[in-house]
Structures are given as structure tokens and as C-alpha cells.
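The values are calculated or read from the model by the stated rules, or taken from the named source; none is laboratory data. Quantities reported herein were computed from a predicted structural model and do not represent experimental measurements. Cβ placement follows ideal geometry from the backbone for every residue including glycine, while neighbour counts extend to all protein chains displayed.
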Amino acid sequence: MIRIRVWIAGLAVVMVATALFAGSPSVAAKPQQATPASAEVKIDNFSFGPGSLTVPVGTTVTWTNRDDIPHTVVSTEGAFKSKVLDTDEKFSFTFSKAGTFPYFCSIHPKMTGKVVVQ
Amino acid sequence: MIEKSKDELLYDHNKDGVDRRGFLKCMAWAGTGALCVMQGGVLKSYSLSQMSQMDGKMGMGELSFVQISDSHMGFNKAANPDVVGTLKAAVEKINGLPIAPEFMLHTGDISHLSKPEEFDTVDQILKSAAPKDVFFVPGEHDLLNDDGKQYLERYGKGTKGAGWYSFDKKGVHFIGLVNVLNLKAGGLGTLGAEQLEWLENDVKHLQHSTPIVVFAHIPLWSVYPEWGWGTEDSAQALGYLKKFGSVTVLNGHIHQTMQKVEGKVTFHTAASTAFPQPQPGKADSPGPMKVPAEQLKSLLGITDVKYVRGQHALSVVDSTLG
């Protein structure tokens, strides 16, 4: 059920991209590279905001540390792991599979969040 | 003997060990410095301002050492743009103590970002301290990006596992523990099974009368779990120390002084030399607390500890940098 939905969503993206760039042959030749989806998570006051983020497959999520203290973004199940992020530093990860990805700050483990990829 | 005055606190330690009013009063003094000492089963507290009234006996003893913590070398934000200057001020404070400490303990967060030059700077500044030996345990800021490999290379010679160890000085048994590695999502500080097993064996053959000093970065008591200020498996560690008549636990991490007495165990957290953090729950997060520049040094400090044979507990005195 989930697989079918993902496939349909994927197909829709390709179709829309093709339609959008129909007048531009150089881009239309590679419709799958149309502007990828992106989303942001801000780190403020020792918390991830939003704490739970839902995005479509293929989305690149970027975390930005806005605290005066370094933090990390580490998948609880090992899917991704940032280096330490000092103030205003960023970490990005592209979610190519559907699923729920819980993560935390390995320095301040009370800080937790999740990305739901559909 | 010390004259009784309105600043002196007395409570019967044998009744419950945790007189809440007494404890809170002791905490209230922590910002300006307090001395808590056990005499004949009774815990007495004195504010630092009273120290000059003492006859000097309190300051004498078999062993004197000093604890510093959370130097966060590399931190440069508004809460303290000059952590080099305040660490140097801490060293000057140590060098000015009336009784020279024999060694120093550093309870972690030596660096802010685990950068080699940050560790180098701290090592360089500490060279000008009168006590030449420094015993370290890591804070979470010292183990970034490499799970503590660099820390072990620099400070871990002769240690076990992630850097835990013990040593003896003048009949006092010191135990340095590591509770900042392999932290689990949603959890607190962790010692882990391997370290706990080592601890059990380390103290197994010691006599009950041996004074014990445990030092680790994150508090080994539940200061404020909502901010991660506690250690998951500290109860098991303290269980191995139950048989001892005097246990002093020294921690850092929370950048403020706090003290608690539970039975024969005295818990104490040291001030940072870098920046203060808010009191538990008194801010949105435990991040660095910005205070007016002229107040900063009154919230940073060092902790002086003395062991006097025959007294039940070690005396722990905090003093601020300004």
C-alpha cells in the first residue's frame, strides 16, 4: 500500500517537473533533477523545532544550530550523523526512503526529534 | 573553636542526613562561598566571610587539593568573550590560597569544541598553577567527533576504558569516572556496565574507613533530569560505595555550585571558570547565562577541598573569582 503511494507520488513529481520545464530542453532532458524539496529544522534553546517534521521522500532537511552551545544531529538508528555544529553551523541530509527517523543531540541527549518521510 | 554566630548552621546529621532547610541555606551561600564540614556526626556550615574568624585548625589537614571545572576553552559568545582571562584568574586564585593545594582535579569540559588548540591553551595556562599535577575526567565537550580518541591520547595515560581510573593520596582513595560517552536518546549521563564492574572491583578490597573522593563531569545525583543534569546508573555506582564512612562526590557540568548530603555521601558541584548557567528550571534552557560584565567573576570560581584525618567528611570550600 505504502509502496504504491510512494510510486504514484514519484510519478506525479516527474510529470509536474516535465510539464514545468517543457519549454527548456536542457532542463527537461533531466526532469528528475528538478528543484528538490527542502525543509528546515532550527535548534534553539536546546530543542529541535519543529520536533516532528513530515516531508515527502527525496526531501533534504537542513538543521541550523542557533544556540550559543554546540549540538549534534544523530539518528537513533544510525541513518545519519552530523559532526558537531557550533553556533550557526548547518547539517543537511536527504531522505531517500520512507519511514520514521528519530534523532537526538548526542551531547545533550534530552534533545530529541523525528523526521517522518512519506 | 569557632564562635557561634547567626551565620552558622547546625543540624543533626544522624537523624536524616538531609535537613532541607539547612541544605537550602547552604545552597543559598554557594554563590559567595560556603564551607561545610562534619564534626562529630554534625554537619556545620560557615559562610566564607567567617573563615577569617577561624583559628586555622580548619585549614590544616593531611591533604589539600583544588577542583576546577568547565573551562570551555574556545567559547567566545556574549556570556564570556574571554575564557582565557577567567581561567588565568582561577589559576591566580589557586596560587593565592593560604595553604597550597597538592594537586588539581579538572572535572571536564576542558575545551569547548575538542579542538587541539583549545586543549593546548588550557594546558599552557595550567602550567602556571602552583600545583603541578592535574587529574582530569572528560566532559562531553572534550569527546566531540572522535568518541574521545584525542582526549585519551592527551589525558588518558594509565587509565581504563574511556578514561576512568583511581589513585591514592595520603590515605584518601580518588576515583575518576567518565559519564559522558555513549549517551542514549532521551537519557542522562551514563557510566555503563564495563565501568561499573571496574568500580566494584576497584573498591572491593578497601577498608571501610578509607575516605573516598569520586569525581566525574555530570552530577552523580539527580540535580535536574529535565535538563539532563543527572546520571542514569549513578545509584549502582553509589551502591558499591555504601560501606564507606566518608564519600565525597565532586562534579561539574552545571556551571554553578550546589551541595547535598545524603547519609555518608556529600555531593558537590563546582562553578565553571568560563560562564554561568541558570538555576534548574529558571530559564528556557540550560544554555550560557548572560550577566552584566561586572557580575561575571562572582559567578565563576574554584573549589578547595581539604581532608583532615579523624573528621568524617572532607571540607569543601567554593570561592568566586571576583
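Residues checked against (1) surrounded by fewer than 20 Cβ atoms within 10 Å (Cβ to Cβ); (2) within 13 Å of the chain's Cα centre (by Cα):
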residue	(1), (2)
A:Ile69	no, no
A:Ala79	yes, yes
A:Leu85	no, no
A:Asp88	yes, no
A:Ser96	yes, yes
A:Tyr103	no, yes
A:His108	no, no
A:Met111	no, no
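When B:Ala162 is tested against (1) in contact with a strand residue (DSSP E or B) (Cβ under 8 Å, 6 or more places away or on another chain); (2) closer than 23 Å to B:Val249 by Cβ, just one condition goes unmet, and that condition is (1).
Residues in the range B:153-194 that are assigned to a strand (DSSP E or B) and farther than 22 Å from B:Ser222 by Cβ: B:Lys160, B:Tyr165, B:Ser166, B:Phe167, B:Asp168, B:Lys169, B:Val172, B:His173, B:Phe174. Given the structure, is B:Pro81 surrounded by fewer than 19 Cβ atoms within 10 Å (Cβ to Cβ), closer than 16 Å to B:Ala274 by Cα and out of contact with any Lys or Arg (no Cβ under 6 Å at 6 or more places or on another chain)? The answer is yes for B:Pro81.
The residues listed here are B:Ser319, B:Ser298, B:Ser272; of these, the one that is touching a residue at least 60 places away in the same chain (Cβ under 8 Å) and within 14 Å of chain A (Cβ to nearest Cβ) is B:Ser272. Taken residue by residue, the range B:124-145 has no member that is crowded, with 23+ Cβ neighbours inside 10 Å and of a type in the set (S, T, N, Q). From the list B:Glu153, B:Glu102, the one residue that fits, being farther than 24 Å from A:His108 by Cβ and in contact with a Leu (Cβ under 7 Å, 6 or more places away or on another chain), is B:Glu102.
Filter the range A:56-68 down to the residues that are in contact (Cβ under 8 Å) with a residue 24 or more places away in the chain and in a loop (DSSP other than H, G, I, E, B) and list them by number. Before the answer, list the steps.
In the first step, residues of the range A:56-68 are kept if they are in contact (Cβ under 8 Å) with a residue 24 or more places away in the chain; the result is A:56-67.
A:Pro56, A:Val57, A:Gly58, A:Thr59, A:Arg66, A:Asp67, listed by residue number.
Might you check whether a residue that is within 30 Å of B:Ala283 (Cα to Cα), assigned to a loop (DSSP other than H, G, I, E, B) and either within 14 Å of chain A (Cβ to nearest Cβ) or more than 21 Å from the chain's Cα centre (by Cα) (or both) occurs anywhere in the range B:195-209?
Here is the first cut: in the range B:195-209, the ones within 30 Å of B:Ala283 (Cα to Cα) are none.
So far as the range B:195-209 goes, no, none of its residues is within 30 Å of B:Ala283 (Cα to Cα), assigned to a loop (DSSP other than H, G, I, E, B) and either within 14 Å of chain A (Cβ to nearest Cβ) or more than 21 Å from the chain's Cα centre (by Cα) (or both).
The strands (runs of 3 or more DSSP E) found entirely in the range B:46-152 that carry 3 or more residues being closer than 21 Å to B:Phe167 by Cβ and at pLDDT below 95 are B:63-68.
Candidates are the residues of the range B:275-308 that are in contact with a Gly (Cβ under 7 Å, 6 or more places away or on another chain) and charged (D, E, K, R); the one that is surrounded by the fewest Cβ atoms within 10 Å (Cβ to Cβ) is B:Lys297. Of the residues making up the range B:309-322, those that are modelled with pLDDT under 90, crowded, with 21+ Cβ neighbours inside 10 Å and either polar (S, T, N, Q) or over 14 Å from the mean Cα position of the chain (by Cα) (or both) are B:Ala313, B:Ser315. With respect to the stated conditions, B:Lys282 is not β-branched (Val, Ile, Thr) and not in a strand (DSSP E or B).
Taking the range A:81-118 as the range and being among the aliphatic types (A, V, I, L, M), within 13 Å of chain B (Cβ to nearest Cβ) and in contact (Cβ under 8 Å) with a residue 24 or more places away in the chain as the test, the residues that pass are A:Leu85, A:Ile107, A:Met111.
Residues in the range B:109-140 that are within 18 Å of B:Asp82 (Cα to Cα) and within 14 Å of chain A (Cβ to nearest Cβ): B:Asp109, B:Ser111, B:His112, B:Leu113, B:Ser114, B:Lys115, B:Glu118.
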